[in-house]
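So the structure is just underneath, and the comments pick up after that.
Coordinate-derived values only; no laboratory data. All of these numbers come straight from a predicted model, not from anything done at the bench. Counting neighbours? That spans all protein chains shown, and the Cβs are built from the backbone with ideal geometry, glycine included.
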Amino acid sequence: MSYPVSVEVEPTLTNRNRLTTAFRLILAIPHLILVGGAGIGFSYSGDGETSAGAEGGLLGAVVVILAIVSWFTILFAGTHLLGIRQLTSFYLRWRVRALAYLMLLVDAYPPFGDAPYPVTLDAAAPVEPRHRLTVAFRIFLALPHIFVLFFVLVAWHITTFIAWVAILVTGNYPKALYDFGVGVLRWRLRVDAYLLLLVDDYPPFSLE
């Protein structure tokens, strides 16, 4: 399925690091503070135009403020300032790596910022001119995803706990649970990008 935001994860199913898995939540704390975790739900700006993840971290809070600025610049000038777009993309690239690490999809410790990593996010530039009508009502258009993702994220937390136990006992991540986790990661990041005005294409209801 083609979408302008793509997330790729190099599979790591066997011979997982049991020690770092056991203490994963503690090890991930610095990244959680900066770019947030896999919260169940989403948070919104006071004006209701846009959002980042529920626990978007310190950098996420900055990106949300800049998304509000972008909401006005796109509506009134049709322009998404390049610097804001670049920072938003940087935040989402960092965030996807941190989430993949936190939710046990990879063992390599994520970099603080941009660096090679087995999890990548690419976002294609939106077609110009921007679709001002969908930007104006972005938060309302995203509500179906927010509703469905609440339940999907609950399931992801449950399956990740099961995988945590499986890795500690066997050293392996069950493939079905792994594929589900990667799918949820992709879905969540597509919705984040849509809410942060990085893209105008409506996200698919899909784990692919």
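Scoring 79-88, 124-133 by mean Cβ neighbours within 10 Å over their residues and listing the highest first yields 79-88, 124-133.
For segment 121-177, what does the alpha-carbon gyration tensor say about shape, rounded, prolate or oblate, given a ≥ b ≥ c as the root eigenvalues, a/c under 1.5 as rounded, and a/b over b/c as prolate?
Verdict is oblate for segment 121-177.
In the set (1) 1, 8, 17, 20, 21, 15, 9, 5, 3, 1, 0, 0; (2) 1, 6, 10, 10, 10, 10, 10, 9, 7, 6, 5, 4, 3, 2, 2, 1, 1, 1, 0; (3) 1, 8, 14, 17, 17, 15, 11, 8, 5, 3, 1, 0, 0, which value of P(r) over Cα pairs in 5 Å bins from 0, in percent was calculated from the structure you see? Identified label for the calculated read-out: (1). The peptide list 159-172, 56-69, 187-200, put in order of mean Cβ contacts within 10 Å with the highest first, becomes 187-200, 56-69, 159-172. Inter-part distance, segment 162-199 to segment 84-116, computed on C-alpha centroids, equals 13 Å. Please compute the net charge surrounding Thr170, taking Lys and Arg as +1 and Asp and Glu as -1 over other residues with Cβ under 13 Å from its Cβ. Summing Lys/Arg as +1 and Asp/Glu as -1 gives +3.
Helix screen, the chain: DSSP H segments with Cα axial length of 18 Å or more and mean Kyte-Doolittle hydropathy at least 1.0 are 57-77, 143-170.
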